[in-house]
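Structure record follows, encoded as structure tokens.
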Amino acid sequence: MQEKLNDLKKRLAKISDLHNAASVLAWDQQTYMPPGGAAARAQQLATVSHIAHEKFIGDAIGHLLDELHGYAGSLPYDSDDASLIQVTKRDYDKARKVPPSLVSEIAHATAQAFEAWRKAKVESQFSHFAPYLQRNLDLKKRYAGYLGYTDRIYDPLLDDYEPGMKTAQVEAIFAKVRKEIVPLVHAISSRLNMVDNSFLHQTFDEQRQWDIGIEVARLIGYDFGRGRQDRSPHPFTTSFSLHDVRITTRFMDNYFPAGFFATIHEAGHAVYNQGIRHELERTPLADGASLGVHESQSRMWENLVGRSRPFWRFFMPRLQTVFPEEFRNVNAEQMYRAVNRVKPSFIRVESDEVTYNLHIMLRFELENALLEGRIAVNDLPEAWNARMQEYLGITPPDDAHGVLQDVHWSHGSFGYFPTYSLGNFFAAQLFDRIKKDISGLDNYFEKGEFHILLDWLRTHLYTHGRKFTMSELANKITGESLQTHSFVAYLKNKYGEMYNL
């Protein structure tokens, strides 16, 4: 059986190389590619994606997986080889249902849609993006149809990002959390002026923002020897191997937290991939367990660490050396309160922890409505604005601040958005476990010793790569299934203290 397993690994390694080559092409498109290269890049991505998919769903891999099925059952469940066979079989069974021609068509369409979205956002004209979104939506409906579903069309799309999760489960989780956070939003709404963040709205030199972002990424453990940061219209993280994990960010010259926390967020994703064991390289296991688990890491480093009081007690003096005039009269406590100020925001990535999940719930509901035909693409801006008013009490002034703000639909990433909130919930659950295992965690943070957290995460989470689902990891690490009470308690304690509730 070892010979067959080695054969499988060799085949999977070549397919991994193709996927990583496609990632390089996509990264370049969003960072350095000249606009004139868009048409050719769309074709290149379509070709590479087609070849990778065709190789993966071939009979050779199917036969090997069938022959290795019994062998996997004889191994410990959590062994690398058993996990490789099981995870690859799950991926293979799904991929086998989808024609390579559709994979190629989706890759081509999304590459074109990204360029259309980028232009439409600059011009704040949804109508310029709408035909491309309609095409992406139609392709994803076809894709879901090939995969098959018995309940909701959203189910197979969600499964791509959160294996095993169902739409009904997400709806139930969101309803439970909404019941807790909406009253909290209302309680804070009359006290918004208790926290001053006016000093965050000044003119901040972009190069110095870049420099301090690089410094904080290094501080939390991002290895620039195996990665780099660049600029893009929407921040993202991509991995070409476990030793080449790249991040991007963007800046606002009149609002310091935008670039700073975007960098921490993406560095949180990156340290996860850099922490996966080298032995899993060039296999389907060389990635995060799911998008929800990945988001748990970006949100943990961004919020539970980067927006914590101990972090700013350590970091505020350093920030004042970079922006001495801008933050001359600001102390650590003022900064802590300012970066956590609750205020309904048009832009998801700039929203506070209390209102953030309402943005995700809005997108989740709209995606389902689009896929089920309850909302037409051309009616999306109006539907978006209506829900923003209903959930957050604000109406976007234009499409750029509303329906066009996120890049994901240009990528055809329907089913992705719930993972942001699932990540928030899992991060809080993990952090409760971490605080039990590491005595005096806040004291380490106040001294700038963030490696203590990184080491724990590498040992308990990062090392496994994609071997386990979120549910399996939750039980393995915390002793219970994914839950929301840790997150709700975290919000109530933190913001209850901040706003004297």
> What distance in nm separates the simple spin-label points at Asp211 and His186, each placed 7 Å from Cα in the Cβ direction?
Replying inline: 4.9
> Using alpha carbon centroids, what distance separates region 84-105 and region 458-500, in Å?
Replying inline: 30
> Helix 59-74: angle to the longest alpha-carbon principal axis of the chain, degrees 0 to 90, nearest 10?
Replying inline: 70
> Counting only protein heavy atoms, what percent of the accessible surface of region 39-180 is carbon or sulfur at a 1.4 Å probe?
Replying inline: 54
> R0 = 45 Å: FRET efficiency of Lys4 with Arg231, Cβ-based, nearest 0.05?
Replying inline: 0.45
> In nm, to one decimal, how far is the modelled label at Arg250 from the one at Thr459, with both set 7 Å along Cα→Cβ?
Replying inline: 4.0
> How much accessible area per residue does region 29-166 have, in Å², with a 1.4 Å probe?
Replying inline: 45
> With r defined as the distance between the Cβ atoms of Thr203 and Ser345 and R0 fixed at 22 Å, what FRET efficiency is calculated, to the nearest 0.05?
Replying inline: 0.60
> Which chymotrypsin sites (Phe, Trp or Tyr not before Pro) in region 23-90 pass both tests, a DSSP loop state and at most 16 other beta-carbon atoms within 10 Å?
Replying inline: Tyr32, Tyr77
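Could you work out how much longer the chain between Ser79 and Lys435 gets when fully extended? Use 0.36 nm per residue separation minus the Cα distance between them, nm to one decimal.
Full extension of this stretch gives 125.4 nm more.
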> Under 5 Å between amide H atoms, partner at least 5 residues away or on a different chain: which partners does Arg231 have, H built in plane at 1.01 Å?
Replying inline: Thr249
> At each listed q (0.09, 0.15, 0.23 Å⁻¹), what is the log10 of I(q)/I(0) that the Debye formula gives for region 275-395 modelled as equal alpha-carbon point scatterers?
Replying inline: -0.44, -0.90, -1.21
> Separation between the Ala168 and Lys97 pseudo-spin-labels, each 7 Å from Cα along Cα→Cβ, expressed in nm?
Replying inline: 1.7
>> Per residue, how large is the accessible surface of region 235-381? Use a 1.4 angstrom probe and give square angstrom.
In response: 29
> Which entries of Lys94/Lys141; Lys94/Lys119; Lys14/Lys119 show an alpha-carbon separation above 26 angstrom in the structure shown?
Replying inline: Lys94/Lys119; Lys14/Lys119
>> As I understand it, the dipole of the chain uses +1 on the Cβ of Lys and Arg and -1 on the Cβ of Asp and Glu, about the Cα centre. Which of Thr321, Ala113, Ala38 lies farthest toward its positive end?
In response: Thr321
>> Here are labelled values, (i) 20, 46, 28, 6, 0; (ii) 21, 52, 23, 4, 0; (iii) 22, 59, 19, 0, and one is the computed P(r) over Cα pairs in 20 Å bins from 0, in percent for what I pasted. Which one?
In response: (iii)
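Taking 0.36 nm per residue of separation and subtracting the Cα-Cα distance, what length does fully extending Ala21 through His243 add?
Extra length available between Ala21 and His243 comes to 78.5 nm.
Given Cβ point charges of +1 (Lys, Arg) and -1 (Asp, Glu) and nothing else, what value in debye, to the nearest 20, does the dipole of the chain about its Cα centre take?
The calculated dipole for the chain is roughly 260 debye.
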> With charges only on Cβ, +1 for K and R and -1 for D and E, what is the dipole size of region 244-327 about its Cα centre, in debye, rounded to 20?
Replying inline: 260
> Residue farthest toward the positive end of the dipole of the chain, with Cβ of Lys/Arg at +1 and Asp/Glu at -1: which of Val24, Ile51, Leu304?
Replying inline: Leu304
> Within region 387-476, which GluC sites (Glu not before Pro) sit in a loop by DSSP and count at most 16 neighbouring Cβ atoms inside 10 Å?
Replying inline: Glu449
> Which listed residue (His234, Ser127, Pro418) has the Cα farthest towards the positive end of the charge dipole for the chain, taking +1 on Lys and Arg C-beta and -1 on Asp and Glu C-beta about the Cα centre?
Replying inline: Pro418
>> To the nearest 20 Debye, how big is the dipole of region 116-187 about its Cα centre, given +1 on the beta carbon of each Lys and Arg and -1 on that of each Asp and Glu?
In response: 280
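Please find the FRET efficiency linking Phe224 to Thr31, where r is the Cβ-Cβ separation and R0 is fixed at 25 Å, and quote it to the nearest 0.05.
That gives a FRET efficiency of 0.95.
The values are calculated or read from the model by the stated rules, or taken from the named source; none is laboratory data. These numbers were taken from a predicted model, which means no experiment stands behind them. FYI the Cβ positions are ideal-geometry reconstructions off the backbone, even for glycines, and counts take in every protein chain you see. To get the accessible areas, we keep the full protein, side chains included, count just its heavy atoms, and leave off ligands, DNA and RNA. Shrake-Rupley method; radii C 1.70, N 1.55, O 1.52, S 1.80 Å.
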